[in-house]
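The values are calculated or read from the model by the stated rules, or taken from the named source; none is laboratory data. None of these values were measured; they are calculated from a predicted model. With ideal geometry, Cβ positions are generated from the backbone for all residues, glycine too; neighbour counts draw on all protein chains shown. The area values use the complete protein model at the heavy-atom level, side chains included, leaving out ligands, DNA and RNA. Shrake-Rupley method; radii C 1.70, N 1.55, O 1.52, S 1.80 Å.
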Amino acid sequence: MLALDKLLIEGSSKLEGEITVSGAKNAAVAVIPAAILVEGKCIIENIPKIKDVYLILDMLKQLGANIHYIDNSTVEIDCSNINNHTAPYDMVVKMRASYYLVGALLGRFSKAEVAFPGGCNFGVRPIDQHIKGFEALGAKVEIEHGVIYAQVKRFEGTQIYMDVVSVGATINVMLAAVRAEGTTIIENAAKEPHIVDVANFLNAMGANIKGAGTDVIKIIGVNKLGGGTYCIIPDQIEAGTFMIAAAAAGGDVLVKNVIPKHMESITAKLIEMNAQVTEYDDAIRVVRKDKLIRANVKTLPYPGFPTDLQPVITIPLSVASGTSIVTEGVWDSRFQYIDELKRMGVDIKVEGRAAVVEGVKRLSGAPVKATDLRAGAAMVIAGIIAEGTTEIHDLMHIDRGYENLEKKLSSIGARIKRTSQGTVL
Ligand code: EPZ
């Protein structure tokens with residue numbers, strides 16, 4: 001059964017006040033399967049309350065893990081008694097991060113059978129670098145009938161050069177190598193904050209990983225990981241979404257529970273666009289009073305401007321003075337959302353991996369569909385700044401990755417409410 005909720009947004013709002021960022025989705029969806037490698041109780045704090053987290057926790061439960069919430073953002077996971085290395089299609093199809101089950105199950109049981117993962121559609125989403133890493137460690141990997149079969153007789157540390165900078169492949173190889181014999185070196189590793197978070201979690205459980213956050217990660221295999229407590233970092237993309245929302249709508253917003261260092265590419269871009277951004281120890285204030293100015297944005301792996309904020313930054317650019325070029329440097333196809341935005345008066349043309357955005361005077365509210373998670377967030381911001389009423393449909397994408405987005409934004413002045421149109425079977 002599918003609930004047909006929609007968001008109704010009355011536009012032309014300014015944003016003012018304080019807003020607090022939750023734990024990082026993309027860290028949580030990797031740390032939770034990483035707990036499979038741990039024989040003991042892991043207490044994980046600052047877990048975001050989002051669908052993707054509930055899904056991955058459910059996958060672990062189905063594999064035999066004991067899971068219970070200590071409070072609404074702290075969960076205890078005990079995978080000591082898991083003895084199943086199979087994750088079928090029904091279990092994994094709903095989210096991309098289920099590919100971490102391959103690395104984690106392989107690392108723990110030397111065997112994994114995991115159906116091909118699902119997730120947002122940005123064109124081709126290959127996993128060749130994950131497989132290359134597992135094979136370099138000695139695993140035999142086959143894909144048959146939509147299932148990834150991987151097994152290894154003896155995991156041996158090795159040197160792996162990633163042909164592509166990949167978040168998922170870096171984390172997955174780290175998971176598989178944590179309990180291998182000897183030392184594994186991942187070169188050309190991704191450097192995103194959640195890679196450091198997964199390494200810190202594993203180290204807190206007894207692993208020996210050095211260099212996470214640089215492009216060379218060294219993993220010295222250990223025999224066993226015991227339990228412990230770990231707190232997930234704040235969500236860089238949620239924080240960036242709020243910073244960009246403040247700049248788009250105008251006003252004065254203090255974004256709390258952030259690591260300002262993670263936000264540098266966004267801070268720099270918003271200053272270029274005429275917002276004032278002030279960094280504190282664990283908060284960032286965005287003030288925007290004057291007209292937004294055009295800017296070019298190119299998305300890149302961290303520390304570049306994040307691809308996950310590409311649809312979001314397009315909204316303030318769409319009402320800035322002048323012409324901006326937004327270039328997608330990570331995914332082949334991440335502009336599918338623009339046809340929906342055009343309904344709201346955004347003037348945008350896409351040529352391959354670049355979009356040319358002509359600033360317009362105002363956007364106008366319209367019914368739109370959230371085509372994926374971050375495009376959904378972009379449409380919410382478009383609705384906040386547009387004249388009139390915007391209706392956003394297909395909220396399942398937004399609910400996958402943002403905790404209470406409409407409640408948080410309402411608390412700083414947005415006029416959003418969720419309404420239910422019933423259910424379909
Ligand atoms: C992670 O996806 C994030 N998802 C994505 O966020 C994010 O867009 C992406 O990293 C890039 O930052 C999670 O962390 C769960 P990649 P991932 O492997 O790991 C190519 C969101 O909105 N590639 O870093 O799947 C690939 O085609 C989501 O929260 C290969 O060629 O991304 C892409 O062009 C959406 N071979 C590039 O690398 C591979 O084996 C980066 O992909 C793997 C990837």
Within region 227-258, the residues whose backbone N lies under 14 Å from a label point placed 7 Å from the Cα of Asp281 along the Cα-to-Cβ direction are 257-258
Taking 67-75, 388-396 and ranking on average Cβ neighbours within 10 Å, highest first, one gets 388-396, 67-75
So, for the Cα atoms of region 228-356, Rg and Dmax in Å stand at 14.8, 53
The chain, Kirkwood Rh and Cα Rg, ratio Rg/Rh at 0.98
Between the Cα axis of helix 167-177 and the main Cα principal axis of the chain, the angle (0 to 90°, nearest 10) is 20 degrees
log10 I(q)/I(0) for region 25-231, Debye formula on C-alpha points only (no solvent), q = 0.08, 0.13, 0.15 Å⁻¹, two decimals, reads -0.22, -0.61, -0.84
From DSSP H assignment alone, runs of 4+ in the chain each adding -39500 (n - 2.57), the sum over residues rounded to the nearest 500 puts [θ] at 222 nm at -9000 deg cm²/dmol
Probe 1.4 Å, all chains present, heavy atoms only: Lys218 accessible area in Å², nearest 10, is 90 Å²
Beyond 21 Å, the calculated P(r) of region 141-254 holds a percent of Cα-Cα pairs equal to 49 percent
Computed over region 350-425, the convex hull of the Cα set has an average projected area, in nm², of 6.8 nm²
Once all protein chains are kept in place, Arg288 shows an accessible area at probe 1.4 Å, nearest 10 Å², of 40 Å²
Amide H contacts under 5 Å for Ser166, restricted to residues at least 5 apart in sequence or on another chain and with H modeled in the peptide plane, are Ala190
Residues other than Phe305 with Cβ under 9 Å of its Cβ, Lys/Arg counted +1 and Asp/Glu -1, net out at +2
